[in-house]
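Structure first, commentary second.
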Amino acid sequence: MSYTANATPDGSRPVAAVTGASSGIGAAAARMLAAAGFDVVLGARRMEMLQAVADEMGGRAIALDVTDRASVEAFAAAVPRLNLLVNNAGGALGLEPIAESVDEHWRTMWESNVLGLMMVTRACLPALEASGNGHVINIGSIAGLESYAGGAGYTSAKHGVVAITETLRLELLGKPIRVTEIDPGMTETEFSLVRFAGDAARADKVYEGVDPLVAGDVADCIAWAATRPPHVNIDTLRVTPRAQARASVVHRR
Ligand code: 8X3
């Protein structure tokens, strides 16, 4: 699909920052937003991959580790003009039941999905407000709307994202900033490969016999929400493959 970015109040080219933009949903969103007319700033840790993605669309690649406050603040300082922030960085580690929880997995998931999202948002809010027409899009998950066995480290973090999004909507009411949450279900990216520490066979099993969402399907939701007229706030978008009714209820061929 093709979309067109809203004109900015001062007539400048709208700027979009996307975190976790070196691959998957983040990279696909950056491409689609660039096609819609945004000047795209891409943030991620893996600089070589990030630069390659940015080069495709004439975007700007800036090193960003959302778990590191200095890195977050340097990223925000590099985008003094900002209309759209897509908080996409995050992910899952492991699938252990609570009785066998791995502290390090939980810590990393909370630091990237929750604290990271908070720090990036906090650092970018002044520029978003000053733009006169700002927008924050948080990439949540159906794991933020329901729970599943083995998923507590991730589901609790994504439930945190829902709470942050709702709070942000309340706190920003009356300011020129929209707040959207997009909650994808099963999406075939590096997500499962990372979750299972590079075990490709286990990751492939997640998508076996299903047509999962692909990164572009979620990017399409992001670009659509971002390009609605400024007075229209898409609050929450839950998107799953046709074959997925709940996080753990999936029809396989
Ligand atoms: C990804 C969706 O169901 O694997 O955020 O948790 S799920």
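Coordinate-derived values only; no laboratory data. Since the structure is predicted, the reported quantities are computational estimates derived from the model, not experimental observations. Every residue, glycine as well, gets a Cβ built from its backbone with ideal geometry; the counts of neighbours run over all protein chains shown.
When only C-alpha pairs under 8 Å and at least 6 residues apart count, what is the relative contact order of segment 15-246, in percent? Normalised by residue count, the contact order of segment 15-246 is 20 percent.
Per-residue ellipticity at 222 nm, computed for the chain from helices alone with -39500 (n - 2.57) per DSSP H run of at least four residues, works out to -11500 deg cm²/dmol. In sequence order, segment 3-20 has phi-based couplings of 10, 10, 4, 5, 5, 8, x, 9, x, 7, 5, x, 10, 10, 10, 10, 8, x Hz under the Karplus curve 6.51 cos²θ - 1.76 cosθ + 1.60, θ = phi - 60°, and Gly or Pro positions carry x. Expressed as a fraction of 2.2 N^0.38 Å, the C-alpha radius of gyration for segment 2-133 is 1.11.
Pair-distance distribution of the chain: all C-alpha pairs, bin width 5 Å, starting at 0; shares per bin in whole percent are 1, 7, 14, 19, 21, 17, 11, 6, 3, 1, 0, 0. With the cut-off at under 15 Å, measuring from each backbone N in segment 70-98 to a point 7 Å along the Cα-to-Cβ line of Met47 picks out 71-72, 74-75. Looking at the chain, the DSSP beta bridges with both ends there are about 5 percent antiparallel.
Database remark: amide H of Arg238 closer than 5 angstrom to the amide H of Asp183 (H placed geometrically; neighbours at sequence offset of 5 or more, or on other chains; Pro and chain starts carry no H).
Remark on Val66: its backbone amide H falls under 5 Å from none of the residues 5 or more positions apart or on other chains, H modelled at 1.01 Å from N. Backbone geometry of segment 33-44 corresponds, through the Karplus equation with coefficients 6.51, -1.76 and 1.60 at θ = phi - 60°, to 3J(HN,Hα) couplings of 5, 4, 5, 7, x, 6, 7, 9, 10, 10, x, 5 Hz, x marking Gly and Pro. Couplings 3J(HN,Hα) for segment 117-131, derived from phi with the Karplus relation 6.51 cos²θ - 1.76 cosθ + 1.60 (θ = phi - 60°), are 4, 4, 5, 5, 4, 4, 5, 9, 4, x, 5, 5, 5, 5, 5 Hz, where x marks Gly and Pro. Using the average count of surrounding beta-carbon atoms within 10 Å as a protection proxy, the listed peptides 185-197, 111-123, 47-59 rank, highest first, as 111-123, 185-197, 47-59.
Ranked highest first by average number of other Cβ atoms within 10 Å, how do 218-226, 157-165 line up?
Numbers: 218-226: 23.7, 157-165: 21.0.
The densest-packed peptide leads the list: 218-226, 157-165.
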